[in-house]
Each structure stands twice: as C-alpha cells, then as structure tokens.
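The values are calculated or read from the model by the stated rules, or taken from the named source; none is laboratory data. Because the structure is a prediction, the values reported are computed rather than measured. Glycine also receives a Cβ, built like all others from the backbone with ideal geometry; neighbour counts cover every protein chain displayed.
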Amino acid sequence: MKLEEFECLNDEEKHLLLSMLRAIQLKKEGKQKTYIHSLLGLHEAEEDGEMVIKMPITPLLDNSLQIVHGGMTATLLDSTMGKLVFKTLLPHQLAVTQEMKINYTAPAVGQELICKAAILHKGTKTILVEGKVYRDDDVLVAHSTATFFILEQNKIQNA
C-alpha cells in the first residue's frame, strides 16, 4: 500500500487506522501484552474477587448491522475469564480454553462493554468460570461459562 492511497480515507477510516497504529505502538512499548488487547483497548481491574475488563465500543468492532460483532464479545469474555484463571495458577502452570458456551441476550451497543468473570469451581485439571458482559446502561449482553484446562509449563515446552 502506498501513502497516496490513504488520502482517500474518510475521517472515520483515518481514526480507525490511527487507533490500529497506536495499538501496535502500545504493544511495542510493553504497555499491552498482546496486539488484540491493545487493538481492542481492553482495560482491566479486580472488583470483589471478580475480574473486570472494559472494552470501548468503536466502529472497528461493528458487524454489518452496526452493533458489536458477536466474535468480539466472545473475545472479551475469553480474555476476561482467562485473565482470572491465570491469577489462580501456580507459577509453573498455564491454562487454555477447553470449551466455552455463550448465550447472547441483547445487542451490544453504547460507549463500552463491561465484562465480569468469576470462578465457579477449581479442580486439579480444569477450572470452570462464568462470564457476563454488560452494556454501559447495565443491560446484560451475553452470559458465558467456560472450562479452562490446566497445563504444566515444562510439559508444553518439551512437547
């Protein structure tokens, strides 16, 4: 792509392109761990034993109906539940999503989505987690349960 091709972009497209470039810079500077977290603008906190991650709603997330794409909501759920799971692991352990079920309950619209996750059960091999995504007007957008499989880090590196 050549620089001249960017001149035809409208304001929204220029804003999206700049946000993508900022996301790359944040990852490069170590301010975000992954490109996807940086690109989605995820901000995390812990509240009352729950993991909470907020995601601003931008045109980048839209589906063809101009609401947040269900896959973006699924990514927010997986990221929030996974982050909570990692906080419970021992230093030599890792975890991966084994399965995830999502029920979508309302259109994801507004200024931001707020995802809250809580652990339902922690075993020796798996962890069961519940996640809920809310709009900024407190309407439930999606409910999820997921199972995370616990792995030993040394077994991954030797596989």
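Of the residues 111, 98, which is exposed (fewer than 13 other Cβ atoms within 10 Å of the Cβ) and either on the phi < 0 side of the Ramachandran plot or not assigned by TED's automatic domain parsing to the domain that holds residue 11 (or both)? Step through it out loud before you land on a result.
Working: 98 fails: exposed (fewer than 13 other Cβ atoms within 10 Å of the Cβ).
Of 111, 98, the one residue that is exposed (fewer than 13 other Cβ atoms within 10 Å of the Cβ) and either on the phi < 0 side of the Ramachandran plot or not assigned by TED's automatic domain parsing to the domain that holds residue 11 (or both) is 111.
Do we find a residue being touching a Cys at 6+ places or on another chain (Cβ under 7 Å), touching a residue at least 24 places away in the same chain (Cβ under 8 Å) and either acidic (Asp, Glu) or in a strand (DSSP E or B) (or both) anywhere in segment 127-137?
yes
Report, ordered by the first and then the second residue, all pairs with beta carbons closer than 8 Å, sequence separation of six or more or different chains, a first member in segment 97-124 that is over 16 Å from residue 79 (Cβ atoms), and a second member that is in a strand (DSSP E or B) and of a type in the set (D, E, K, R).
106/135; 109/135; 110/135; 120/130
Can residue 90 be described as assigned to a loop (DSSP other than H, G, I, E, B), free of Cβ contacts under 8 Å to residues at least 24 places away in the same chain and of a type in the set (A, V, I, L, M)? Let's see the steps before the verdict.
Values: assigned to a loop (DSSP other than H, G, I, E, B): yes; free of Cβ contacts under 8 Å to residues at least 24 places away in the same chain: yes; of a type in the set (A, V, I, L, M): yes.
Yes; evaluated as a whole, the condition is true for this residue.
Could you tell me whether any residue of segment 67-76 is modelled with pLDDT of 95 or more, surrounded by 15 or more Cβ atoms within 10 Å (Cβ to Cβ) and farther than 30 Å from residue 13 by Cβ?
No, segment 67-76 has no match at all.
Restricting attention to segment 3-45, report how many residues are free of Cβ contacts under 8 Å to residues at least 12 places away in the same chain, of a type in the set (Asp, Glu) and either in contact with a helix residue (DSSP H, G or I) (Cβ under 7 Å, 6 or more places away or on another chain) or assigned by TED's automatic domain parsing to the domain that holds residue 81 (or both).
0
When you scan segment 93-120, how many residues do you find that are touching a Lys or Arg at 6+ places or on another chain (Cβ under 8 Å) and in a strand (DSSP E or B)?
Looking only at that region, the number is 6.
Sort through 95, 142, 117 and tell me the only one that's touching a helix residue (DSSP H, G or I) at 6+ places or on another chain (Cβ under 8 Å) and farther than 20 Å from residue 40 by Cβ.
Going through 95, 142, 117 in turn, the sole match is 95.
Could you tell me whether residue 80 is at pLDDT 90 or above, under 17 Å from the mean Cα position of the chain (by Cα), within 26 Å of residue 150 (Cβ to Cβ) and in a helix (DSSP H, G or I)?
In short, yes.
Is it the case that segment 50-60 has a residue that's in contact with a helix residue (DSSP H, G or I) (Cβ under 9 Å, 6 or more places away or on another chain), of a type in the set (Asp, Glu) and either at negative phi or surrounded by fewer than 18 Cβ atoms within 10 Å (Cβ to Cβ) (or both)?
yes
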